[in-house]
Every structure is written in structure tokens, then in C-alpha cells.
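Here you go, one structure.
The values are calculated or read from the model by the stated rules, or taken from the named source; none is laboratory data. As the structure is a prediction and not an experimental result, all values here were calculated from the model. Positions of Cβ are generated from backbone atoms using ideal geometry, with glycine treated the same way; all protein chains shown enter the neighbour counts. What goes into the accessible areas is simple: the full protein's heavy atoms, side chains included, and nothing from ligands, DNA or RNA. Shrake-Rupley method; radii C 1.70, N 1.55, O 1.52, S 1.80 Å.
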Amino acid sequence: HREARTDESAALLYAAQAMRTSEYRASALFSASSHARTALPNVWQAFLSGKITSTALSRISRTSRDRLCDKSSRADLDALAPEYAEHHRPRELERWLTRFTAVAEPENAADRCQRELDQRTVSVRPADDFENMSWFSALLPTPTAVAIKRRLDAVARSPQQPVPHDPIT
């Protein structure tokens, strides 16, 4: 069994070098391809014929594998996704896949949303190259994050807002 892992690792390394990509990306594409070959025949055929990209294949496969539980939802995804992916950009496909999973399996989407909400966090860390600056990051629901960004942009650009520059403050 250990020998098979070594062979697979060597094959993935060779594939990554041939594709001029990272081993991680080659491994992810291999995993997506394996899933599509067995569970998503229409998606796989669209990829083989050059109608969809490896990025689209990976995103559709990940959605099928990680977000859908029902075989009929996977079959619907396999029937609809290749056509959509062929004519839309990756970010549009990602949004479509999110909507698809929410409509196809609303209970699972709600559970996933709650698990994601439980992961909310905010952090501040000093910026290495700046003496008086820090990086602020947050993992938040998108509408909340957009509202906060807009407010921060307004405050940052406002001539009425004093910018503290005393390092003691």
C-alpha cells in the first residue's frame, strides 16, 4: 500500500511539472477528475471535448462532492452545469453553483451556512513593513463584510475623521 502512495506521489509530481503548476493543484485536479469521471459523466465529457476548463471541472466536482448529498441533485448538476460553465466566467459559475446547491438541497445549505457562521472571526496583526500600521481581517457573512468595508472606506476617506498618529494613543 505504501508503494502505491509513492507511485501516486511521483505521478502527481511529474504531472505538476508537465503542467507547470504546483503539486497541490495537480493533486486537486486529479481528485476532481476522478470524481467527475465516476459521478458526473456529462461534466467529464464536456471537459474532455474542451467545452469547459479545468477550473470549471474542479469547481463543479467540488460542489458535487462536498455540497450535495442526494444522487438526484448530483444528476441535475451533471445535466445543467456543463452548459452554464461553457458560457460563463469562473466567478459567475461559482455564484451559480452556490445558488444551485441552495435550491437543490435547502436544508443542507442552511446547515452549512450555520456551520460557517460559527467560524466567524476578526483579527488584527502588526504589518511587518510598517511601524504604525496593522492588518485587519475578518471572516464574516458577505453582506456584513460588504457593509463594514463601505463604512471603513467612508471613514478612511473622510476629511472630518482625524487619523491618530501618536503611537502612544
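Just to check your reading of the model, which residue among Pro143, Pro159 is open to solvent by 50 Å² or more (accessible area, probe 1.4 Å) and outside any helix (DSSP H, G or I)? Step through it out loud before you land on a result.
Details: Pro143 fails: outside any helix (DSSP H, G or I).
Just one listed residue meets the conditions, Pro159.
How many residues does the stretch 28-57 hold that are farther than 22 Å from Leu68 by Cβ and under 19 Å from the mean Cα position of the chain (by Cα)?
Adding up the residues that qualify gives 0.
To continue, here is another question. Scan Thr55, Thr98, Thr121 and give me the residue that is hydroxyl-bearing (Ser, Thr, Tyr) and touching a helix residue (DSSP H, G or I) at 6+ places or on another chain (Cβ under 7 Å). Please lay out each step first, then the result.
Numbers: Thr98 fails: touching a helix residue (DSSP H, G or I) at 6+ places or on another chain (Cβ under 7 Å); Thr121 fails: touching a helix residue (DSSP H, G or I) at 6+ places or on another chain (Cβ under 7 Å).
When all the criteria are applied, what remains is Thr55.
For the stretch 92-105, which residues satisfy the criterion of being assigned to a helix (DSSP H, G or I) and buried (at least 18 other Cβ atoms within 10 Å of the Cβ)?
Residues of the stretch 92-105 assigned to a helix (DSSP H, G or I): 92-104.
Matches in the stretch 92-105: Leu93, Trp96, Leu97, Phe100, Thr101, Ala104.
State which residue is farthest from Leu77 (Cα to Cα) when the search covers only the stretch 106-126 and only residues that are within 19 Å of the chain's Cα centre (by Cα) and open to solvent by less than 90 Å² (accessible area, probe 1.4 Å). Reasoning before the result, please.
Going residue by residue through the stretch 106-126, those that are within 19 Å of the chain's Cα centre (by Cα) are 108-121.
In the following step, the residues that additionally are open to solvent by less than 90 Å² (accessible area, probe 1.4 Å) were identified as 108-113, 117, 121.
Numbers: Asn108: 15, Ala109: 15, Ala110: 19, Asp111: 20, Arg112: 19, Cys113: 20, Leu117: 26, Thr121: 32 Å.
By that ranking, first place goes to Thr121.
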